[in-house]
Every structure is written in C-alpha cells, then in structure tokens.
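Enquirer: The structure under discussion is supplied below as structure tokens; questions concerning it will follow.
The values are calculated or read from the model by the stated rules, or taken from the named source; none is laboratory data. In this text, all values refer to a predicted model and were calculated from it rather than measured experimentally. Positions of Cβ are generated from backbone atoms using ideal geometry, with glycine treated the same way; all protein chains shown enter the neighbour counts.
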Amino acid sequence: MAVKITPEYIDLLNGAVEREIQVSLQYLLQHAKIEKLMRKKLPENILLDKTTYDAVGKFLREIGIMEMKHAASIMERIYYLGGQATTMAKKPVIGGSLSEFARLGVVAEEEALVLYRQILEATIENGDYETRELFEKIYGEEEGHLFKFQEYVHMQDESQEETGKLSEWRKVFTDDYFALLNKAVASEIMAIIQYTNQHEKAAYLKLRGRETPLEVVTDNNKAKAVSELLKPIFMQEMDHLEKISERIYLLEGEAVVMPDPLPKVGDTPDDFLALDHAAENDAILLYRKIIEEAMKRGDTITRRMFEDIVMQEEQHYWTFDDYVR
Ligand SMILES: [Fe+2]
Ligand SMILES: [Fe+2]
Ligand SMILES: [Fe+2]
Ligand SMILES: [Fe+2]
C-alpha cells in the first residue's frame, strides 16, 4: 500500500474525531442554553439583545452540526484506512454567557488548528494525500469559526446570576429530578455518537462487501440500507438533545456532557442493528419513567416534550426492529 498506516497515525486521526465530537456537543448545548440567557435580560435591553442572541444562537447551531459532519468525515476516512473510529469525546465546556461561549469557542478552535496542522504534516510523511485534502478543507472551516468567535468575544457580558430564594413553583425541580432528566441527555449523546460512527462504518462496509453475487443482494445491501437509515435518525437525536438540554437550562439546571452508556459500534450491520434496537428500547423505558415523574411533579411542559420524543424513539425502535428479525 502506498499510504503508510500506523496505529499512531490512526490515533492521531482519532484525536481529531474526539475534538470534533466535543465541539459539536459544546456548541449544540450552548445553543440550547441561549433561550435561558435571553430570559434573564433586563426588559429595556430585550430588543437589542434579542438580535444578538438570535445571531449567536443561529451560528452555534450551524457550526454544531458542521462539527458533527467533520467528525463523520474523519471517521469515514479512518474506516477506509482500515482503522476503528473512536466513540470517545473530549469533555465539552459550556459556560454561562455569550461572551464565555465565545471565549471557549476561541480556545477550542485554536486547539483544533494546532492539532490539524500536526495532522497535515503527518499526512505528508505517510503519503496520505486523500486525508490531507480532507483536513485542508476542515482546517479552513475551523479558521472561519475562530474568526467568528473572536468577533463575539468583544461583546458585552451581561450574564447576571439570579439571587434570592427559589419561588414556590420551582421547588419540584430538585437535584434528583435534574439527575433523571440528565440521564436522557446522556442517552441522547450516546445515540448521536453511536449512530454517527456506525453510519460511517456501514458506508465503508458497503464498499468492501462486494464479493459474491449473493453478498451483493444480501450483506452489501444491508450495509447500504443501514448506513442510509441511520442518518435521519441521528439528526433526530440531535434535535432531542437540544430540546431536553434547553429545558434543563431554562429550569436553572446544568446539562451533562458525556454519553451514558458508552457508545458501542459493533462489527457488522447486524451488530449495529441489534445494538441500536437495544439502545432505543432503553431510551423508551427511561423516557416513560421521566414522563411518569414529570406527571407526578406537575411539570407539564417536560412531560409533553418527552411524550413527543418517546413517539420518535418508538419509530426508531420499529425501524431497527424491521431489520433485526
Ligand atoms: Fe470541526
Ligand atoms: Fe470548528
Ligand atoms: Fe432520542
Ligand atoms: Fe432514538
């Protein structure tokens, strides 16, 4: 093989995947937190600020999705090089105000640029021009993110912590309730990482699996089908993550940022489906429990939100179920 692939090289690329997952989650959760920050503003500032908040929010959401696409394209490349793409992420740091989001964004993007420069050098040493091209494109995009965050850093910081005691209606939002809601956050993060990774691995298996006519109509098609069916599903999981974390932030809680349980990729399309089927089953059970708890506490908004989400998880479950038998 013309390209020199070492375990160290795959590790280096997986380091990039860890970064991309981290910032994707970081920006999506910050976007989810903006609604809360907006409501804390003084009334006389609200018109002016709303424009700023909307602009930053839109930017965070867009790049959050873009970073997950970066993660996916690097995972894809790792599979093509014969490696196993990681499901780990560096820990996202969320912050509590727009200017803090921006400062954290600057740090994250600068770290990415340093790592990607190192990767670009390694691609030359290894004769891996395809990966080089990929990282040149990503590098350019990260640089754009950095500049944008630098603009926002200079925005005034008006986050004011609320003081005083909790109003009566908020007493149902106890720590154990937040812990329960955060299990949902962790489970959505697990699903996003697991499905994104499998989506790329299945796309790779599809190309690799073309050996006998029988495989063309069976395994090969299955890999293709699995890759295609995962994409709309993980987009929905990202939407769930945003909704649930936005709710937690609004209630003055903090969202967790790591997956739980840890994502499991599997080796074959059949493994993927079995793991995903089980994951959806677990999510449905957890969300039913949350609905029950929300009902008990009179938290109608959270209850309705999870009723909508659990309907989609059921659809996911049945989608995987069709393939599992
Ligand atoms: Fe990125
Ligand atoms: Fe970026
Ligand atoms: Fe979900
Ligand atoms: Fe799901």
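Enquirer: Being touching a helix residue (DSSP H, G or I) at 6+ places or on another chain (Cβ under 6 Å) and modelled with pLDDT of 95 or more: is that true of residue 317 here?
Expert: yes
Enquirer: Can you run down the residue pairs with Cβ atoms below 8 Å, 6 or more apart or on separate chains, where the first is in the range 171-193 and closer than 15 Å to residue 234 by Cβ and the partner is part of a helix (DSSP H, G or I) and more than 16 Å from ligand 3 (Cβ to nearest atom)?
Expert: Sorted first by the residue in the range 171-193, then by its partner, the pairs are 193/21.
Enquirer: On to the next question. Please go through the range 52-100 and give me each residue that is in a helix (DSSP H, G or I), within 22 Å of residue 254 (Cα to Cα) and over 17 Å from the mean Cα position of the chain (by Cα), ordered by number.
Expert: Scanning the range 52-100 gives 53, 54, 56, 98, 99, 100.
Enquirer: Can you find a residue that is closer than 20 Å to residue 240 by Cα and either without any contact (Cβ under 8 Å) to a residue 12 or more places away in the chain or in a loop (DSSP other than H, G, I, E, B) (or both) anywhere in the range 40-47? I'd like the intermediate steps shown before the answer.
Expert: To start, the set of residues in the range 40-47 that are closer than 20 Å to residue 240 by Cα comprises none.
No - not one qualifying residue is present in the range 40-47.
Enquirer: For the range 285-311, which residues satisfy the criterion of being charged (D, E, K, R) and either part of a helix (DSSP H, G or I) or touching a Cys at 6+ places or on another chain (Cβ under 9 Å) (or both)?
Expert: Answer for the range 285-311, where residues must be charged (D, E, K, R) and either part of a helix (DSSP H, G or I) or touching a Cys at 6+ places or on another chain (Cβ under 9 Å) (or both): 288, 289, 292, 293, 296, 297, 303, 304, 307, 308.
Enquirer: If you check every pair at least six apart or on different chains, which have Cβ atoms under 9 Å apart with a residue in the range 265-286 that is among the hydroxyl-bearing types (Ser, Thr, Tyr) first and a residue that is surrounded by 18 or more Cβ atoms within 10 Å (Cβ to Cβ) and at pLDDT below 95 second?
Expert: Taking only residues 6 or more apart or on different chains, the pairs are 268/205; 268/219; 268/222; 268/223.
Enquirer: Another one. Within the range 66-91, track down each residue that is crowded, with 20+ Cβ neighbours inside 10 Å and at pLDDT below 95.
Expert: Correct list: 89 only.
Enquirer: Also, I was wondering about something else. Here is a list: 94, 63. Which entry is buried (at least 23 other Cβ atoms within 10 Å of the Cβ) and at pLDDT 95 or above?
Expert: Values: 94 fails: buried (at least 23 other Cβ atoms within 10 Å of the Cβ).
Step by step, each of 94, 63 is checked, and only 63 is buried (at least 23 other Cβ atoms within 10 Å of the Cβ) and at pLDDT 95 or above.
Enquirer: Is it true that some residue in the range 263-273 is assigned to a helix (DSSP H, G or I) and farther than 30 Å from residue 84 by Cβ?
Expert: no
Enquirer: What are the pairs, 6+ residues apart or on separate chains, where a residue within the range 64-79 that is outside the structural domain of residue 242 (by TED's automatic domain parsing) and in contact (Cβ under 8 Å) with a residue 60 or more places away in the chain has its Cβ under 6 Å from a residue that is within 11 Å of ligand 2 (Cβ to nearest atom) and of a type in the set (Val, Ile, Thr)?
Expert: Close Cβ pairs satisfying both conditions: 70/138.
Enquirer: Could you tell me which of the residues 223, 202 is touching a Leu at 6+ places or on another chain (Cβ under 8 Å) and at pLDDT below 90?
Expert: After ruling out the rest, the residue left standing is 223.
Enquirer: Of the residues 293, 252, 313, 228, only one is within 30 Å of residue 175 (Cβ to Cβ) and either within 21 Å of the chain's Cα centre (by Cα) or within 14 Å of ligand 4 (Cβ to nearest atom) (or both); which?
Expert: Every option except 313 fails the conditions.
Enquirer: Just wondering, is there one or more residues in the range 129-140 that are in a helix (DSSP H, G or I), charged (D, E, K, R) and within 14 Å of ligand 2 (Cβ to nearest atom)?
Expert: Yes, some residue in the range 129-140 is in a helix (DSSP H, G or I), charged (D, E, K, R) and within 14 Å of ligand 2 (Cβ to nearest atom).
Enquirer: Is it true that residue 27 is within 16 Å of ligand 2 (Cβ to nearest atom), assigned by TED's automatic domain parsing to the domain that holds residue 131 and modelled with pLDDT of 95 or more?
Expert: Working: within 16 Å of ligand 2 (Cβ to nearest atom): yes; assigned by TED's automatic domain parsing to the domain that holds residue 131: yes; modelled with pLDDT of 95 or more: yes.
Criteria met by residue 27.
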